[in-house]
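Heads up: the structure comes next, in structure tokens.
The values are calculated or read from the model by the stated rules, or taken from the named source; none is laboratory data. Computed from a prediction, not measured in an experiment: that's the story for all the values here. With ideal geometry, Cβ positions are generated from the backbone for all residues, glycine too; neighbour counts draw on all protein chains shown. Heads up: the accessible areas ignore ligands, DNA and RNA and are worked out on the full protein's heavy atoms, side chains in. Shrake-Rupley method; radii C 1.70, N 1.55, O 1.52, S 1.80 Å.
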Amino acid sequence: MSTSQPARTPGLHLKVANSGPVTSPTRINLRHINAFYGAKQALFDVNLEVPDNAVTAFIGASGCGKSTLLRCLNRMNDTIPNARVEGEILMDGVDVNAPNIDPVSVRTRIGMVFQKPSPFPMSIYDNVAYGPRTHKIATTKADLDELVEKSLRRAALWEEVKDRLDKPGLGLSGGQQQRLCIARTLAVSPAVILMDEPCSALDPVATAHIEQLIEDIRKHTCIVIVTHSMAQAARISQITAFFHLGKLVETAPTDQLFTAPKVEQTQDYITGRFG
């Protein structure tokens, strides 16, 4: 793999977020991560630092390992038969894969928003209240009401649903359902939010709502997003990591990776020469 500095990428016209340098401390530190599905190895010796109060985007062709790595972060791969993960995933210095760590507590601290909106078959209110009730975060009805409203406001959904909180969450539009899922995640105050292609099933207007929401949330939360859209990664992320065939090829501030990548393979991907 060539590591020589290529010329600035020709013919690439992406609007890159002008967010300045990332100065936040590291929230997650990945050390020598290898992931397997049975005998098939999906990730190879991945080392990566994920900063707090920023959006880190994983990009790369289908099957490159980016979604596998995302699921490693909150131990979702534990639910897949024959899957195993080697290496350390340190969150605030604690290895989330340590034998004494409860996977449920990990998923409370590291929430996840999936590709397709997945509201529970219950009311809008109960969707958001589910986590706080389960984990006994809110002890009174008044506390729960306040937390539901706060979460819906943070997800930019309150004004649209405040008069129908008792209606089914599945009755909302696709974009509203995805914001409801984000509100549900926010309700348990996670330190990290993982997003696996959160806009792939949405129209451009709904996508714009979600992207603005991500920008608002990341000021107080660590966000990691998997996206097939390089334009989206350029718009909303501060750090971008490019994967190919299970290997982390390059990670850099987003503006640097899209305008002056250090690895030729990265340049080939973002200019459409492969992938």
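Per-structure values
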{"quantity": "Residue check, H228 within 27 Å of Q41 (Cβ to Cβ), in contact (Cβ under 8 Å) with a residue 60 or more places away in the chain and not in a strand (DSSP E or B)", "calculated": "yes"}
{"quantity": "Search result, residues across region 132-156 that are open to solvent by 10 Å² or more (accessible area, probe 1.4 Å) and in contact (Cβ under 8 Å) with a residue 40 or more places away in the chain", "calculated": "H135, I137, L147, R154, A156"}
{"quantity": "Members of region 36-65 found to be hydrophobic (A, V, I, L, M, F, W, C) and open to solvent by 20 Å² or more (accessible area, probe 1.4 Å), listed by number", "calculated": "F36, A39, F44, A61"}
{"quantity": "Scan of region 251-270 for residues that are among the polar types (S, T, N, Q) and either out of contact with any Lys or Arg (no Cβ under 9 Å at 6 or more places or on another chain) or surrounded by 22 or more Cβ atoms within 10 Å (Cβ to Cβ) (or both), ordered by number", "calculated": "T251, T254, Q265, T266, Q267"}
{"quantity": "Residue in region 122-138 that is of a type in the set (V, I, T), in a loop (DSSP other than H, G, I, E, B) and either under 30 Å from Y37 (Cα atoms) or touching a helix residue (DSSP H, G or I) at 6+ places or on another chain (Cβ under 9 Å) (or both) present", "calculated": "yes"}
{"quantity": "First in region 38-54 and free of Cβ contacts under 8 Å to residues at least 24 places away in the same chain, second anywhere and of a type outside the set (A, V, I, L, M), Cβ under 6 Å, 6 or more apart", "calculated": "E49/T26; E49/N29"}
{"quantity": "Selection count, region 234-266, where residues are aliphatic (A, V, I, L, M), touching a residue at least 60 places away in the same chain (Cβ under 8 Å) and under 25 Å from H32 (Cβ atoms)", "calculated": "6"}
{"quantity": "Residue match in region 166-178 (condition: among the basic types (K, R) and surrounded by 14 or more Cβ atoms within 10 Å (Cβ to Cβ))", "calculated": "no"}
{"quantity": "Top-ranked residue of region 66-109 - restricted to ones that are polar (S, T, N, Q), farther than 11 Å from L194 by Cβ and part of a helix (DSSP H, G or I), ranked as most open to solvent (accessible area, probe 1.4 Å)", "calculated": "T79"}
{"quantity": "Residue check for D216: closer than 25 Å to Q267 by Cα, of a type outside the set (A, V, I, L, M) and touching a residue at least 60 places away in the same chain (Cβ under 8 Å)", "calculated": "no"}
{"quantity": "Considering residues of region 110-124 that are farther than 22 Å from C222 by Cβ and open to solvent by less than 30 Å² (accessible area, probe 1.4 Å) only, the residue nearest to the chain's Cα centre (by Cα)", "calculated": "P119"}
{"quantity": "Filter result for G272 (out of contact with any helix residue (DSSP H, G or I) (no Cβ under 7 Å at 6 or more places or on another chain) and without any contact (Cβ under 8 Å) to a residue 40 or more places away in the chain)", "calculated": "yes"}
{"quantity": "Residue within region 201-221 that is surrounded by fewer than 21 Cβ atoms within 10 Å (Cβ to Cβ) and in contact with a Phe, Trp or Tyr (Cβ under 7 Å, 6 or more places away or on another chain) present", "calculated": "no"}
{"quantity": "Any chance K116 is under 29 Å from L172 (Cα atoms) and touching a residue at least 60 places away in the same chain (Cβ under 8 Å)", "calculated": "yes"}
{"quantity": "I217 vs. criteria closer than 30 Å to A155 by Cα, of a type in the set (V, I, T) and either out of contact with any Asp or Glu (no Cβ under 9 Å at 6 or more places or on another chain) or at pLDDT 95 or above (or both)", "calculated": "yes"}
